[in-house]
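Asks: Got a structure for you, written out below as structure tokens; questions coming shortly.
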Amino acid sequence: MAAKEIFAHLGSIIASLMFIWAMFQQYFPYELRSHIEKYSKRLVSFIYPYIQITFHEFTGERFMRSEAYSAIENYLSSKSSTQAKRLKADIVRNSNQSLVLSMDDHEEVSDDFEGIKLWWSSGKNISKSQVFSFYPVTDEKRYYKLTFHKRYREKVLGPYLTSVLKEGKAIKVRNRMRKLYTNNGSMWSHVVFEHPATFQTLAMEQEKKKEIIDDLITFSKAEDFYARIGRAWKRGYLLYGPPGTGKSTMIAAMANLLGYDIYDLELTAVKDNTELRKLLIETSSKSIIVIEDIDCSLDLTGQRRKKKEKEEEGGDEKDPRQKLVKEERETKNSQVTLSGLLNFIDGLWSACGGERLIVFTTNHIEKLDPALIRKGRMDKHIELSYCSFEAFKALVKNYLDIESHDLFVRIGELLGDTNMTPADVAEHLMPKTVPADAEISLRSLIQGLELAKDEAKLKAEKEAKETPVNGEAKEEEKEEKSDHKLQNQAKENGEADHDVK
Ligand SMILES: Nc1ncnc2c1ncn2[C@@H]1O[C@H](COP(=O)(O)OP(=O)(O)OP(=O)(O)O)[C@@H](O)[C@H]1O
Ligand SMILES: [Mg+2]
């Protein structure tokens, strides 16, 4: 009964206060009112020891959302979900479509920074549009307000706000939709990148996998280190191995691990070095620039072939018409040169900020120019090879969800004797029935392995028979190889960066 009376009283007091406030606003002359408001605010700030900072959603240019506001929104999202009672929910389209909660208007959450207590509250100002319309548009201006004791002014304005903005931006990067860019001539176009590959699902030796993950994480956190030693914040990876051993899969896993965008650069579609420069300058920070099958996209053997061509055509060049035709053909073929690419890996990066990984893949590492893959350009060389027993166990855990089986011993033996790629092994392990029957898949794998072993044996026998006949050809090949070696040595001795045209 008593509580009811109190509420009744409270109600009437609030009603009277509101009435007085309305009268005050209506009948007090404007000048007087603003004076009273000004002085009352001063009085309040004199007694009230707290400082308030407001961060508006839109500042200056009306349609530009304030960066600080969205960073704070992200920063507060984790705090709001545990503290605020009224929340707003929204779906963020990232790799796992998570639900993001933020605090609703007029909610408050507290925060703690080195023992300092602070309060964040959200609110909105509603101003009616001045334009007359049948559907009056109300203009909502949201803001966040930070309140703290004036004693901590310096600490809050400096380190605290910096850390809030930094963390907020980092959360935004984590939540954003990632993109896969491809170049169409000299333009990038992009689609949403949603590849499910992760390092957990990647089949390779555990130790090697851990080393790569550690390397990537260290790189992504080393901004200060790279700045201190005066190097551009970039790292080159060369992934090599036979087709179907997981090179492309690993690139997707890298992007998923670090939350980077991917720029899949198709060199054959790039006209010349100028276009390459333009494309690379347009790439954003936090990205992986991928050039697949580098040996195929860049004609590294071109130099030698052109020399031979010149020798053959040496006599004809006196004829100006033929010379013209030849030059024309050369300019048509002239695409990106090795030196153009090298300049980019080395030169440009120092100029534009932000972290970048550059990944080359190839099936034939021996064909690559040593200038391209020396340390500093391609810092880490990763070999992806045929399926080992350890890699098989990882695959079988993913595909069939088993960790041991009687047939594993036989499979282990066969994997040691034959070269089968993880892609082929994976194909055998694909469930063939619903529900999956592990035994059927494993037997199919054994059959496949036995077949591959027999084929390899036949091939070896055939080659052994043909060897004496092909002896001369082998000799020639050897000569070519030593020729190549000599060239490479010459390049390493200082003229590494010259054009290979
Ligand atoms: N190490 C691996 N772990 C898990 N799956 C793998 C692995 N290697 C290959 N696969 C499977 O095989 C398929 C082909 O692999 P991927 O495209 O990565 O090969 P690649 O090395 O890029 O081949 P290519 O040289 O022809 O481009 C993938 O879809 C993937 O599912
Ligand atoms: Mg590939």
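Asks: State the number of residues belonging to the stretch 401-416 that are open to solvent by 20 Å² or more (accessible area, probe 1.4 Å), assigned to a helix (DSSP H, G or I) and at pLDDT 90 or above.
Replies: Within the stretch 401-416, residues that are open to solvent by 20 Å² or more (accessible area, probe 1.4 Å), assigned to a helix (DSSP H, G or I) and at pLDDT 90 or above number 4.
Asks: Out of I289, I251, I need the residue that is under 27 Å from A203 (Cα atoms), within 15 Å of ligand 1 (Cβ to nearest atom) and either buried (at least 16 other Cβ atoms within 10 Å of the Cβ) or touching a residue at least 60 places away in the same chain (Cβ under 8 Å) (or both). Which one?
Replies: I251
Asks: Related question: Could you pull out every one of the helices (runs of 4 or more DSSP H) wholly within the stretch 271-371 that has 1 or more residues that are at pLDDT below 55 and touching a helix residue (DSSP H, G or I) at 6+ places or on another chain (Cβ under 8 Å)?
Replies: Correct list: 302-313, 320-333.
Asks: If a residue must be polar (S, T, N, Q), closer than 30 Å to S385 by Cβ and away from ligand 1 (no atom under 15 Å from the Cβ), how many such residues does the stretch 184-233 contain?
Replies: Selection size over the stretch 184-233: 2.
Asks: Another question about this same structure. Restricting to the stretch 142-166, count the residues that are of a type outside the set (S, T, N, Q) and assigned to a helix (DSSP H, G or I).
Replies: Total meeting the criteria: 15.
Asks: Scan (1) closer than 22 Å to I358 by Cα; (2) surrounded by fewer than 19 Cβ atoms within 10 Å (Cβ to Cβ) for the single condition E154 breaks and write down its number.
Replies: Among (1) closer than 22 Å to I358 by Cα; (2) surrounded by fewer than 19 Cβ atoms within 10 Å (Cβ to Cβ), the lone unmet condition for E154 is (1).
Asks: Out of (1) in a helix (DSSP H, G or I); (2) more than 30 Å from H428 (Cβ to Cβ); (3) open to solvent by 60 Å² or more (accessible area, probe 1.4 Å), what's the single condition that is false for L216?
Replies: The failed condition is (3).
Asks: Name the residues in the stretch 173-197 that are loosely packed, with under 12 Cβ neighbours inside 10 Å and either part of a strand (DSSP E or B) or polar (S, T, N, Q) (or both), would you?
Replies: If the condition is that a residue be loosely packed, with under 12 Cβ neighbours inside 10 Å and either part of a strand (DSSP E or B) or polar (S, T, N, Q) (or both), then N184, S189, V191, V192 are the ones that fit.
Asks: Just checking, how many residues over the stretch 224-247 are over 19 Å from A394 (Cα atoms) and not in a loop (DSSP other than H, G, I, E, B)?
Replies: Total satisfying the criteria: 13.
Asks: Condition (residue is open to solvent by 40 Å² or more (accessible area, probe 1.4 Å) and within 16 Å of ligand 2 (Cβ to nearest atom)) applied to the stretch 165-172: is it met by at least one residue? Break it down into steps so the answer makes sense when it comes.
Replies: Residues of the stretch 165-172 open to solvent by 40 Å² or more (accessible area, probe 1.4 Å): 165-167, 169-170, 172.
This time we only want the ones that are within 16 Å of ligand 2 (Cβ to nearest atom), so: none.
Looking through the stretch 165-172, none of the residues is open to solvent by 40 Å² or more (accessible area, probe 1.4 Å) and within 16 Å of ligand 2 (Cβ to nearest atom).
Asks: Cβ-Cβ under 7 Å, sequence separation 6+ or interchain: first residue in the stretch 198-211 and closer than 14 Å to E383 by Cα, partner of a type in the set (F, W, Y) and surrounded by 14 or more Cβ atoms within 10 Å (Cβ to Cβ). Which pairs?
Replies: Pairs that qualify, where the first residue is closer than 14 Å to E383 by Cα and the partner is of a type in the set (F, W, Y) and surrounded by 14 or more Cβ atoms within 10 Å (Cβ to Cβ), are K209/F199.
Asks: Related question: If you take the residues in the stretch 232-260 that are more than 30 Å from E427 (Cβ to Cβ) and in contact with a Phe, Trp or Tyr (Cβ under 9 Å, 6 or more places away or on another chain), which one is nearest to ligand 2 (Cβ to nearest atom)?
Replies: That would be G236.
The values are calculated or read from the model by the stated rules, or taken from the named source; none is laboratory data. None of these values were measured; they are calculated from a predicted model. Glycine gets a Cβ as well: all are built from the backbone with ideal geometry, and neighbour counts include every protein chain shown. For the accessible areas, the whole protein counts, side chains as well, though only heavy atoms, and no ligand, DNA or RNA atoms are used. Shrake-Rupley method; radii C 1.70, N 1.55, O 1.52, S 1.80 Å.
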